[in-house]
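Chemist: Here it is: the structure, laid out below.
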Amino acid sequence: MPLLDVLRLVGAGILAVMGLLLARDDITLVTTQELGFGLFLVGVGYGLLLVKRYFDRTLPR
């Protein structure tokens with residue numbers, strides 16, 4: 001896996017963890033939990049997309 005893809009995957013993981021931490025905080029804003037969970041889903045989804053693209057490039061057809 002190229003270094004750029006690995007860095008993107010690490011970034012997506014960090015984004016997902018930040019989303020979970022944001023959702024956990026007890027801030028008075030009602031949308032904090034939804035925003036944090038949304039960030040988590042975007043991070044995990046992007047990570048899965050990167051893994052899918054990698055395997056699509058490496059598997060023989």
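The values are calculated or read from the model by the stated rules, or taken from the named source; none is laboratory data. For clarity, every value in this text was computed on a predicted model and none was experimentally measured. Positions of Cβ are generated from backbone atoms using ideal geometry, with glycine treated the same way; all protein chains shown enter the neighbour counts. Note: accessible area is taken over every heavy atom of the protein model, side chains too, but ligands, DNA and RNA are not part of it. Shrake-Rupley method; radii C 1.70, N 1.55, O 1.52, S 1.80 Å.
Chemist: VAL42 - would you say it is part of a helix (DSSP H, G or I), modelled with pLDDT of 85 or more and loosely packed, with under 13 Cβ neighbours inside 10 Å?
Modeler: Spelling it out, it is not the case that VAL42 is part of a helix (DSSP H, G or I), modelled with pLDDT of 85 or more and loosely packed, with under 13 Cβ neighbours inside 10 Å.
Chemist: Within the set of pairs 6+ apart or on separate chains, which have a first residue in the stretch 34-61 that is under 13 Å from ALA16 (Cβ atoms) and of a type outside the set (Asp, Glu), a second that is open to solvent by 70 Å² or more (accessible area, probe 1.4 Å) and assigned to a helix (DSSP H, G or I), and C-beta atoms under 6 Å apart?
Modeler: That search, which allows pairs on different chains as well, returns PHE40/LEU20; LEU50/ARG8.
Chemist: Kindly provide the set of residues from the stretch 35-53 that are of a type in the set (Phe, Trp, Tyr) and more than 12 Å from ARG8 (Cα to Cα), ordered by number.
Modeler: Residues satisfying the conditions are PHE37, PHE40.
Chemist: Okay, moving on. For the condition modelled with pLDDT of 90 or more and out of contact with any Asp or Glu (no Cβ under 7 Å at 6 or more places or on another chain), what is the one hit in ALA16, ALA23?
Modeler: Just one listed residue meets the conditions, ALA16.
Chemist: Here are some residues: ASP56, ASP5. Which one is part of a helix (DSSP H, G or I), open to solvent by less than 50 Å² (accessible area, probe 1.4 Å) and among the charged types (D, E, K, R)?
Modeler: Step by step, each of ASP56, ASP5 is checked, and only ASP5 is part of a helix (DSSP H, G or I), open to solvent by less than 50 Å² (accessible area, probe 1.4 Å) and among the charged types (D, E, K, R).
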